[in-house]
Amino acid sequence: QVQLVESGGGLVQAGGALRVSCAASGSIFSSNVMGWYLQAPGKERELVAVITSGGITNYSDSVKGRFTISRDNAKNTVFLQMNSLKPEDTGVYYCNLNNAGKFNYWGQGTQVTVSS
């Protein structure tokens, strides 16, 4: 089993910045992908950014150039630095860990609200 604990959400004005973090514990495979997904009000959960254990990243088009995902493998922690935030970035951000393409885990989510 894997446990994911997110932190760092909050309320920010448009144009501002926030950083969210997710610490993983438990049975974490050496080959894994960690990432962040956004569930906006009334919408499906969608990918924001992911990073492999080797450091390869992928971003949704809507956040490219504004958000940066990074990780500390020694601490099993993934970060999402969000700059130039927009009201449409509002929602619950969920941390995800996928172990070797086989087992998928989710955190409890952290609320990010961007006011206009």
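The values are calculated or read from the model by the stated rules, or taken from the named source; none is laboratory data. The structure presented is a predicted model; accordingly, all values stated were derived computationally and were not measured. Neighbour counts are summed over all protein chains in view; Cβ atoms, including those assigned to glycine, are modelled from backbone coordinates with ideal geometry. Accessible surface areas use protein heavy atoms only, side chains included; no ligands, DNA or RNA. Shrake-Rupley method; radii C 1.70, N 1.55, O 1.52, S 1.80 Å.
Here is a yes/no grid of residues against (1) β-branched (V, I, T); (2) open to solvent by less than 80 Å² (accessible area, probe 1.4 Å); (3) at pLDDT below 95:
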position	(1), (2), (3)
M34	no, yes, no
P41	no, no, yes
T77	yes, yes, no
L80	no, yes, no
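Checking each residue in the range 56-68 for being of a type outside the set (S, T, Y), touching a helix residue (DSSP H, G or I) at 6+ places or on another chain (Cβ under 9 Å) and either within 13 Å of F79 (Cα to Cα) or open to solvent by 60 Å² or more (accessible area, probe 1.4 Å) (or both) picks out only F67.
If the condition is being open to solvent by less than 50 Å² (accessible area, probe 1.4 Å), small (G, A, S) and more than 12 Å from the chain's Cα centre (by Cα), then the range 103-116 contributes only S115. When restricted to residues that are open to solvent by less than 50 Å² (accessible area, probe 1.4 Å), within 11 Å of the chain's Cα centre (by Cα) and either modelled with pLDDT of 95 or more or at positive phi (or both), the range 9-22 contains 3.
Of the listed requirements (1) among the aliphatic types (A, V, I, L, M); (2) crowded, with 20+ Cβ neighbours inside 10 Å; (3) over 10 Å from the mean Cα position of the chain (by Cα), A100 misses just one: (2).
Whenever a residue of the range 7-28 is of a type in the set (D, E, K, R), its partners that are open to solvent by 50 Å² or more (accessible area, probe 1.4 Å), lying with C-beta atoms within less than 6 angstrom and at least six residues away or across chains, give the pairs R19/Q81. For R71, the test of being in contact (Cβ under 8 Å) with a residue 24 or more places away in the chain, touching a strand residue (DSSP E or B) at 6+ places or on another chain (Cβ under 8 Å) and open to solvent by 50 Å² or more (accessible area, probe 1.4 Å) is failed. Applying the set (1) closer than 22 Å to Q13 by Cα; (2) of a type in the set (G, A, S); (3) modelled with pLDDT of 95 or more to S70 leaves exactly one unmet item: (1).
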